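Worksheet: the structure to be examined is printed underneath.
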Amino acid sequence: MIIDLHIHSKSCSDGNLTVEEIVKEANTRNIGLMSITDHDSIGCQERAMALARKSGILYIFGVELNVTFSHPGYREGKPTSLDFLGYQFNIRNKKLKNKLQQIGEYREKRATMILEKINAEFEKEGIEGLTKNDLMAIQNSVDGVLGRPHIANYLVRKGIVKTTQEAFDKYLVKCDVPKYPLYLEEASRLVRDAGGIIVLAHPNDPHGTSLVQLTTSLDKQMEIIEGSILEHIDGVECWHSRNDALTTNRYVKFAEKHGLIMTGGSDCHQKPILMGTVKVPEFVAEQFAL
């Protein structure tokens with residue numbers, strides 16, 4: 001069975017395909033078990049489940065939560081971000097829905113604040129500032145959750161930068177505004193109280209939101225998890241599109257040592273389409289009551 005438990009949609013997150021297109025592509029790729037894990041959003045879960053079932057694909061409700069995390073032994077205790085995946089929760093749970101709505105509303109405010117900071121940089125460079133019409137154009141280009149990638153794409157379309165990477169390098173990193181402060185204890189409680197499980201996502205991702213921001217040492221990463229994260233999680237993402245073999249093997253052993261659920265997925269945003277390309281063992285499906 002081909003398994004992918006980490007996919008992002010255009011409909012409710014920052015992917016490049018709609019939920020309908022994702023399920024169609026998953027069917028083409030013979031994916032047998034999947035989960036769309038949009039950022040801080042569960043608005044597409046019911047539709048995804050119905051479409052997957054219609055295509056004969058097993059589906060697990062999913063979400064990816066961005067968590068504010070700090071450790072006194074690293075970065076002088078300054079906060080950083082980690083991602084956690086929630087699975088098999090009740091999508092009608094009021095506390096979970098309300099919190100995600102709050103986070104979504106803050107995303108809109110954050111985008112406005114980021115644009116204001118970008119405009120300050122533009123003024124220094126003699127570039128015409130972005131207006132409310134530009135903000136509306138960015139919002140209209142988003143089917144799901146507004147994020148920095150959408151602003152980067154818009155700067156490319158305006159001809160201000162040549163690539164989205166240049167947009168991040170020149171403006172979006174410098175002009176960033178802190179994300180909604182969701183802390184691990186609360187994130188864990190929200191998912192678990194909704195009947196779900198919570199999983200540490202891509203812990204050693206060299207290019208993503210991961211423990212690499214604190215240390216590249218796998219031993220030290222695992223010490224951080226044991227000391228500050230373990231009691232709040234049910235599993236760890238052991239297979240990921242940016243994992244090397246050493247990372248996967250070490251985290252599999254770590255999960256076995258602590259009796260954690262093991263998950264895996266491509267983290268596909270469809271740029272390019274990676275769905276189903278990560279070799280996730282079939283026993284991963286057996287951990288879920290399907």
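No value in this document is a laboratory result; all are computed from the given coordinates. For clarity, every value in this text was computed on a predicted model and none was experimentally measured. Cβ sites come from the backbone with ideal geometry, for glycine too, and all protein chains shown count toward neighbours.
Grab the beta carbon distance between residue 289 and residue 95, set R0 = 30 Å, and tell me the FRET efficiency rounded to 0.05. That pair, residue 289 with residue 95, gives E of 0.85. Once the Cβ-Cβ distance of residue 141 and residue 121 is raised to the sixth power relative to R0 = 22 Å, the FRET efficiency obtained is 0.55.
Where in the chain lies the longest segment free of GluC sites (Glu not before Pro) that are both loop residues by DSSP (not H, G, I, E, B) and have at most 16 other Cβ atoms within 10 Å? It runs 129-281.
Please identify which residues in the range 258-274 have an amide N closer than 18 Å to a label point set 7 Å out from the Cα of residue 16, following the Cα→Cβ vector. Only 266-274 fall inside the zone, counting backbone N under 18 Å.
For the chain, the fraction of alpha-carbon pairs lying more than 31 Å apart is 28 percent, rounded to a whole number.
Cα centroid separation, the range 171-212 to the range 46-121: 7 Å. Extension gain, residue 46 to residue 1: 0.36 nm times the residue separation minus the Cα-Cα distance gives 13.9 nm. Calculate the FRET efficiency for residue 176 and residue 28 from the Cβ-Cβ distance with a Förster distance of 35 Å, rounded to the nearest 0.05. E between residue 176 and residue 28, to the nearest 0.05, is 0.40.
Taking 0.36 nm per residue of sequence separation and subtracting the Cα-Cα distance, how much length would be gained by fully extending the chain between residue 70 and residue 193, in nm to one decimal? Extra length from residue 70 to residue 193 when fully extended: 41.9 nm. Using a Gaussian network for the chain with springs between C-alpha atoms less than 10 Å apart, which of these wobbles most: 140, 16, 243? Sorting by GNM fluctuation, first place goes to 140. In this simple spin-label model, placing a label point 7 Å from the Cα along the Cα-to-Cβ direction at both residue 226 and residue 163 gives a separation of 4.0 nm. The Cα atoms of the range 77-220 cover 51, 39, 24 Å along the three principal axes, with the biggest extent listed first.
So how do 8, 258 line up by other beta-carbon neighbours within 10 Å, fewest first?
258, 8
Please label the shape of the range 199-254 as rounded, prolate or oblate, based on the square roots a ≥ b ≥ c of the eigenvalues of the alpha-carbon gyration tensor (a/c under 1.5 means rounded; beyond that, a/b larger than b/c means prolate, else oblate). Judged from the Cα gyration tensor, the range 199-254 comes out rounded (a/c under 1.5).
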